[in-house]
Amino acid sequence: LTLCTKNQKCLFGRPNELNWAGAIVQEHIEKLQTYYHGVAVDKYTVMPNHVHLIIRHEGKIDPDIPQIIALLKTGVTKEIRRNHPKMEIWQRSFHDHIIRDQQSYEKIWLYIDANPQNWEKDCFFIPKTEKE
């Protein structure tokens, strides 16, 4: 799964150096598997303007993946808006891909793992401006 920030704005810090907002996202991701039975977060990374996750589930889960992502986004947004009430966080929807075999799983896992080191080559990369 890939979740993007509104207008691809860099809100979560730098790769491997999350700011307060990125730490909130990370905290909510890590709590997912405690909230939903049968759901595990196998791998994730929080990037400056997007998040990648591999979510594994066993059998039918309730709520389903789109509902879990909606609840994740809502929880993050509510917490961030306690101190920044007008801040827009997320782009609508998310990109998902069903992993069907071990080879595909390993390729995606490695991509997520290397994403912070490859930030400047990432399709979501936005160079800093002089004002930042």
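The values are calculated or read from the model by the stated rules, or taken from the named source; none is laboratory data. Keep in mind that this is a model prediction, so the values were computed, not measured. Quick reminder, even Gly has a Cβ in these numbers, built from the backbone with ideal geometry, and neighbours come from all protein chains shown. Heads up: the accessible areas ignore ligands, DNA and RNA and are worked out on the full protein's heavy atoms, side chains in. Shrake-Rupley method; radii C 1.70, N 1.55, O 1.52, S 1.80 Å.
Residue by residue, here is whether (1) assigned to a strand (DSSP E or B); (2) farther than 28 Å from PRO127 by Cα; (3) in contact with a Leu (Cβ under 9 Å, 6 or more places away or on another chain) holds:
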position: ALA21; (1), (2), (3): no, no, yes
position: HIS28; (1), (2), (3): no, no, yes
position: VAL41; (1), (2), (3): yes, yes, yes
position: ILE55; (1), (2), (3): yes, yes, yes
position: ILE61; (1), (2), (3): no, yes, no
position: ILE68; (1), (2), (3): no, yes, yes
position: GLY75; (1), (2), (3): no, yes, no
position: ARG92; (1), (2), (3): no, no, no
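Yes/no per residue for (1) under 14 Å from LEU1 (Cα atoms); (2) at pLDDT 95 or above:
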{"position": "HIS28", "(1), (2)": "no, yes"}
{"position": "VAL41", "(1), (2)": "yes, yes"}
{"position": "THR45", "(1), (2)": "yes, yes"}
{"position": "ARG56", "(1), (2)": "yes, no"}
{"position": "PRO66", "(1), (2)": "yes, no"}
{"position": "LYS73", "(1), (2)": "yes, yes"}
{"position": "VAL76", "(1), (2)": "no, yes"}
{"position": "ARG81", "(1), (2)": "no, yes"}
*How about region 43-53: which of its residues are among the aliphatic types (A, V, I, L, M) and either in a loop (DSSP other than H, G, I, E, B) or under 23 Å from ASP101 (Cα atoms) (or both)?*
MET47, VAL51, LEU53
*Return only the number of the condition from (1) in a strand (DSSP E or B); (2) open to solvent by 70 Å² or more (accessible area, probe 1.4 Å) that ARG100 does not satisfy.*
(1)
*Would a scan of region 4-19 turn up a residue that is touching a helix residue (DSSP H, G or I) at 6+ places or on another chain (Cβ under 9 Å), part of a helix (DSSP H, G or I), hydrophobic (A, V, I, L, M, F, W, C) and surrounded by 15 or more Cβ atoms within 10 Å (Cβ to Cβ)?*
no
*Evaluate the following for GLU88: is it modelled with pLDDT of 95 or more, open to solvent by less than 70 Å² (accessible area, probe 1.4 Å) and of a type in the set (Asp, Glu)?*
no
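For (1) without any contact (Cβ under 8 Å) to a residue 12 or more places away in the chain; (2) under 17 Å from the mean Cα position of the chain (by Cα); (3) closer than 17 Å to GLN8 by Cβ, each residue gets a yes or a no:
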residue	(1), (2), (3)
VAL41	no, yes, no
ILE54	no, yes, no
ILE65	no, yes, no
ALA70	yes, yes, no
PRO85	yes, no, no
GLN91	no, yes, yes
*asked:* When you check LYS78 against the structure, is it charged (D, E, K, R), open to solvent by 10 Å² or more (accessible area, probe 1.4 Å) and over 27 Å from GLU106 (Cβ atoms), yes or no?
replied: yes
